[in-house]
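Report on the structure given below.
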Amino acid sequence: MFSTVPPSCSAAAEQPVSSGEQPILSRLVEIRNRLAALKKDRGNYYRPNDIVSLYNDLRKQVKHLQGVRASEHHDDDVFKNRADAVLDECFQLFSLFYLALGKNKEIPATYVQLVTIKQNFELMNDTGVYTD
């Protein structure tokens, strides 16, 4: 699996998870664990309905998280906490599942590719290979 923390972000910069975000984080961890269990189950094929259902559940949690962040005035891109890291892991797993199901042209399938490109640009920028 790809690194969930870009090179330019350190774990020390993470903010604590608020009480409003705690139930959302718990649900995100449940979704991630279900995806990890599906990934490890080599004996059965993935059922698209299961993956899409979990993805729709994730989308609901993202909307809840956006609402909590807006009410706590954390709507800037700099704010990061454990919920963001777990959310990133979920999106990466969904991206790989969508690719495995042959849904290559759907939005979730593109996530892992875009994150990889972003991380490569950040690495090039950090090493001085790429400049603006």
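Tell me whether the stretch 115-128 contains one or more residues that are open to solvent by less than 90 Å² (accessible area, probe 1.4 Å), modelled with pLDDT under 90 and not in a helix (DSSP H, G or I). Scanning the stretch 115-128 turns up at least one residue that is open to solvent by less than 90 Å² (accessible area, probe 1.4 Å), modelled with pLDDT under 90 and not in a helix (DSSP H, G or I).
Can you name every residue in the stretch 93-107 that is free of Cβ contacts under 8 Å to residues at least 60 places away in the same chain and among the hydrophobic types (A, V, I, L, M, F, W, C)? Residues satisfying the conditions are PHE94, LEU96, LEU99, ALA100, LEU101, ILE107. Per the listing ASP50, ASP41, ASP88, ASP57, the residue uniquely of a type outside the set (Lys, Arg) and under 14 Å from PRO23 (Cβ atoms) is ASP57.
Quick check on the stretch 65-73. Is at least one of its residues of a type outside the set (Asp, Glu), open to solvent by less than 60 Å² (accessible area, probe 1.4 Å) and within 17 Å of the chain's Cα centre (by Cα)? Scanning the stretch 65-73 turns up at least one residue that is of a type outside the set (Asp, Glu), open to solvent by less than 60 Å² (accessible area, probe 1.4 Å) and within 17 Å of the chain's Cα centre (by Cα). None of ARG59, ARG32 is charged (D, E, K, R) and open to solvent by 70 Å² or more (accessible area, probe 1.4 Å) except ARG59. Applying the set (1) closer than 23 Å to GLU14 by Cα; (2) at pLDDT below 95; (3) of a type in the set (D, E, K, R); (4) open to solvent by 80 Å² or more (accessible area, probe 1.4 Å) to ARG42 leaves exactly one unmet item: (1). The one condition from (1) modelled with pLDDT of 85 or more; (2) exposed (fewer than 15 other Cβ atoms within 10 Å of the Cβ); (3) part of a loop (DSSP other than H, G, I, E, B) that SER3 does not meet is (1). Pairing residues of the stretch 108-120 that are free of Cβ contacts under 8 Å to residues at least 40 places away in the same chain with residues that are assigned to a helix (DSSP H, G or I) and open to solvent by less than 40 Å² (accessible area, probe 1.4 Å), at Cβ distances under 8 Å and at least 6 apart in sequence or on separate chains, gives ALA109/SER95; ALA109/TYR98; THR110/SER95; TYR111/GLN92; TYR111/PHE94; TYR111/SER95; GLN113/SER95. Filtered by the rule that a residue be open to solvent by 60 Å² or more (accessible area, probe 1.4 Å) and either within 12 Å of the chain's Cα centre (by Cα) or charged (D, E, K, R) (or both), the stretch 74-98 gives ASP75, ASP76, ASP77, LYS80, ARG82, LEU96. Summed over the stretch 97-114, residues that are in a helix (DSSP H, G or I) and under 20 Å from ILE31 (Cα atoms) total 10.
Out of curiosity, is LEU101 under 20 Å from ARG34 (Cα atoms), open to solvent by 10 Å² or more (accessible area, probe 1.4 Å) and either basic (Lys, Arg) or within 12 Å of the chain's Cα centre (by Cα) (or both)? Spelling it out, it is not the case that LEU101 is under 20 Å from ARG34 (Cα atoms), open to solvent by 10 Å² or more (accessible area, probe 1.4 Å) and either basic (Lys, Arg) or within 12 Å of the chain's Cα centre (by Cα) (or both).
The values are calculated or read from the model by the stated rules, or taken from the named source; none is laboratory data. What you see is a predicted model, and the numbers here were worked out from it, not measured in a lab. Note that each Cβ is placed from the backbone with ideal geometry, even for glycine, and that neighbours are counted across all protein chains shown. Each accessible area value is taken on the protein alone, full model and side chains, heavy atoms only, with ligands, DNA and RNA left out. Shrake-Rupley method; radii C 1.70, N 1.55, O 1.52, S 1.80 Å.
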